[in-house]
Amino acid sequence: MSLIVSVHSFRGGTGKSNTTASLAVVLAQQGKRVAIVDTDIQSPGLHVPFGFGAEDLHRSINQFLHGECGIAEVAVDVSERIGALPEGGALLLVPASIKASEITRVLREGYDVGLLQQGFQSLLDDLELDVLIIDTHPGLNEETLLSLTLSDVLLLVLRPDQQDFQGTAVTVEIARLLEVPDMLLILNKLPSQMDGEAVRQQVESTYRVPLGTCLPMDEGIAMNASSRPFVLAQPEHPWSERVRQLAHRVLAGP
C-alpha cells in the first residue's frame, strides 16, 4: 500500500526541503520506490540538492497545472545521482519551475488546486510508488490544506524558536481537525548549547505530538550549502543517522 507523506513548516528557513531530500534518499536506499514533489511553487528549491539548475528543468509541475503535460511526464529519475540502490529502490523528482516568468504566471493566474489531487494519484498509480513525499509551501494556504487532507503522515519541521513554536501550534490544530492519521515533529537546527531532552519534552507536551527526530545545528550542514542531500555528503554523520531513524519511524506508522 502506498504512503503519502507531507513535509511542512509554518515559516520558511527551517531546512524543510533539505530534510525532505535526505529523507527521500534514505527511503530509496531502503528499497522503496519514492517520488518527491515540489509544491512550493512560489519559491522552489527541491531540485538544487540533486544538481539541477534552471536550464536543466525541461518540464515542471507548473506545466502540469496549466494543462500542458501529464504529471508523470514531469517526473525525473534521479536514482543514478544518489548511487547504487537495492532492488526495487528508486527516486523520482517532480520539480517546480525556477523560471521567473513561470513563477509570475502562477502568482498572477493561480491554478486549480483540485488538479493537484488528481496529479498525486496519477503519480502513485502511473509510477507504481511506495512513497509519495510532498514538499509543501511554508504557511497555510489552499494547496497546503489539500496536502494535509491527503496525507497518511505529516512531518512538521520547526526550529527551537518562539515564532516557529506558535505557528506550528496552528498547523497542528488544523491537522487534527482534518484528521491526519499520523503526525511527527522534526526539531531542526538545535544548537549544541540547548538541552535536547528538555526541548523534546517541551515540544511534545506543548503539541501532544511525538517528536520524530531532533536534528542538530552543524557547520558541516551549512558548508554543504544544499549541494547534495546531506545523507549522501556525510552518511556517517549523526544528523544522517537521525534521518535514517526518522525514515524507519515513518514507515512503521503510529
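Values quoted throughout were computed directly from the atomic coordinates according to the rules given, and no laboratory measurement underlies them. Bear in mind that the values here come from a model prediction, so they are computed numbers and not experimental data. Cβ placement follows ideal geometry from the backbone for every residue including glycine, while neighbour counts extend to all protein chains displayed.
In table form, for the structure just shown:
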| item | result |
| --- | --- |
| Check: the stretch 156-196 dipole with +1 on Lys, Arg Cβ and -1 on Asp, Glu Cβ, in debye | 100 |
| Relative contact order (percent, whole number), the stretch 3-248, Cα cutoff 8 Å, 6+ residue spacing | 29 |
| Nitroxide proxy distance, nm - points 7 Å out along Cα→Cβ at residue 170 and residue 122 | 3.2 |
| Burial ranking of peptide ranges 89-98, 204-213, 55-64 (average Cβ count within 10 Å, highest at the top) | 89-98, 55-64, 204-213 |
| Value of Rg/Rh across the stretch 181-220 [Cα atoms, Kirkwood radius] | 1.01 |
| Gain in span if fully extended, residue 219 to residue 178, counting 0.36 nm per residue against the direct Cα distance | 11.0 nm |
| Correct option for Cα extents along the principal axes in Å [calculated from the coordinates] among (i) 56, 37, 31; (ii) 51, 40, 36; (iii) 56, 43, 35 | (ii) |
| Positive-pole candidate from 7, 175, 191, dipole of the stretch 3-248, charges at beta carbon | 191 |
| Debye log10 I(q)/I(0) at q = 0.08, 0.10 Å⁻¹ for the stretch 16-166, Cα point scatterers | -0.21, -0.33 |
| Estimated inter-spin distance, residue 205 and residue 42, nm [label 7 Å along Cα→Cβ] | 3.6 |
